[in-house]
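Before any comments, here is the structure.
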Amino acid sequence: MGLNQQTSSELTRLGERLKSVLKLALSELAPHVHSINSLTIFLNYHRSNSQRVFTAQKLTDGHQVLCALPGVKALQEFIEKASPHISATSYEKLSKAHQLYAGAIAQHASSHADLKRQLNALHYKKSPSKSDNRAQLYYAAKSLLGFSIDHVCCSYVLTVNSSNTHFLQEVAMISKLGIQRAQEAAPFVQFYSHPHPNDFNKPARLTQTSKIEQNQFSIGIVEPLSSPGFYNAYTSYSVSNSGMVFDEIPNVDTLDATFIFNNPDELVNPLTHSSQCTSTSISIKNPAKKLTLLVFVDKKINATSNVKVGCYHGNQKVEEGKLNAADMWTERLPDFPQLQVVSLESPQNYITEHPELAEKIAFLLNYSELEDTQFACYVMEVDFPIWSSTYRIYFEHSE
């Protein structure tokens, strides 16, 4: 008759239990048994079942664990072959969990394959996840606007302005990768919040040898990280909405555009002023498949701050230094992005895992003439960020 909510919850707990005991048993094996191949050889165990065991103990959802596991007989074989190499406690826990696993299949299904089928069917009956809803919004907005972006990657560097310690030096790199624009779509506009410089003519052309002018607000296009010809697509500055307009876009299927903004005099230094908050954000002005928001914050500032994240209505107005969670709850959208602490020493681990970002981060730090070791690094990653919203990583400062 299929699984109901109660049996589904029981199976979730069973899957989590099996994951836990498998993880413990694998941790007790010899140090060199750390891969599917080495486990296969060490235990003389079938390779595909070794892969299933390794996969199951890494999953978080109990249902997924049950689906990933080997069948009843194959799991029993694993326990028997592992028993000489693990503690008596682990063996007892594995055996008990295996009995429950076999009993659950006998009670609720005709086989392990049938249990997997039922669990998958139950999963698809559930309401769409928020990620699914965000994806639907992305595709609808893309179709409506004729404009989309594969990846919005934004990196902020926040440190004390060495020339004027009353302010923070804020350097931001915004990369928009895989831009697709239909012929009838609106022009590509890059927005920014800083008051427009009176002497602005066009954005600067930044290359590998370009260096920051610390005390001057500036806007530049990073040519090595943008599509050929993109710089020449600049058309005008739109006073009404504070944005650079690019209309004569090169005739290519997809386009990359990377900007750097240097802001030396808008964010007060919380170490010397009574600022409640330092805010970094990116507004999703165009439908995007993925958002990565990285913030490198000077360790001295990080030590006196409480870092938070949020997703807010795109049209909110925030007075700089005043944003905090208590005031902004009415504007917060029901999307809760996860914050990762990349490293309190340097972002090298994150860069190693995301080599596509390495060149961008290296260019930003080199342009800013800064060393990554002076920063704590935080990151927010969101699939299908909500169109027309603003995502923030912000630092609430101690009194």
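The helix-based estimate of mean residue ellipticity at 222 nm for the chain, built from -39,500 (n - 2.57) per DSSP H run of four or more residues and divided by its residue count, is -10500 deg cm²/dmol to the nearest 500.
Here the 3J(HN,Hα) profile of the range 382-387, calculated from phi with Karplus coefficients 6.51, -1.76 and 1.60 at θ = phi - 60°, is 9, 7, 6, x, 5, 4 Hz, Gly and Pro shown as x. Local charge for Thr235 was computed over the other residues whose Cβ lies under 9 Å away, with Lys and Arg +1 and Asp and Glu -1, and equals -2.
Of all the options Glu266, Glu223, Glu92, the one that moves most in a Gaussian network model of the chain with Cα springs shorter than 10 angstrom is Glu92. As a calculated quantity, the FRET efficiency between Thr7 and Glu92 at R0 = 22 Å, using C-beta atoms, amounts to about 0.30. Taking only the Cα atoms of the chain, the ratio Rg/Rh comes out at 1.07, with Rh defined as the Kirkwood radius.
When only the Cβ of Lys, Arg, Asp and Glu is charged (+1, +1, -1, -1), the dipole of the range 205-318 relative to its Cα centre reaches about 500 debye. Over all projection directions, the Cα-based convex hull of the range 197-259 averages an area of 4.9 nm².
Which part of the range 94-117 falls in the paramagnetic zone of Asp61, meaning amide N under 17 Å from the point 7 Å along Cα-to-beta-carbon? The answer is 115-117, whose backbone nitrogens lie closer than 17 Å to the label point. Potential lengthening of the chain between His85 and Tyr192 amounts to 32.5 nm, from the contour at 0.36 nm per residue minus the alpha-carbon distance.
Electrostatic bookkeeping for Val21 treats Lys and Arg as +1 and Asp and Glu as -1; over the other residues with beta carbon under 12 Å from its beta carbon, the sum is +2. Mean separation of Cα pairs under 8 Å and 6 or more residues apart, divided by the residue count, gives the range 34-163 a relative contact order of 15 percent. Cross-linked pairs Lys142/Lys176; Lys142/Lys202; Lys96/Lys116; Lys19/Lys116; Lys176/Lys308: Cα-Cα separations exceed 18 Å for Lys142/Lys202; Lys96/Lys116; Lys176/Lys308.
Net charge in the neighbourhood of Asp383 (other residues with Cβ under 9 Å of its Cβ; Lys, Arg +1, Asp, Glu -1) is +2. Annotation: amide H-H contacts under 5 Å for Ala288 (H modelled 1.01 Å from N, sequence separation of 5 or more, or interchain): Ile149.
Readers should treat all values here as calculations from the given coordinates under stated rules, not as data from a laboratory. The model shown is predicted, which means the values in this text are computed figures rather than measured ones. So basically every Cβ, Gly included, is an ideal-geometry build from the backbone, and we count neighbours across all protein chains shown.
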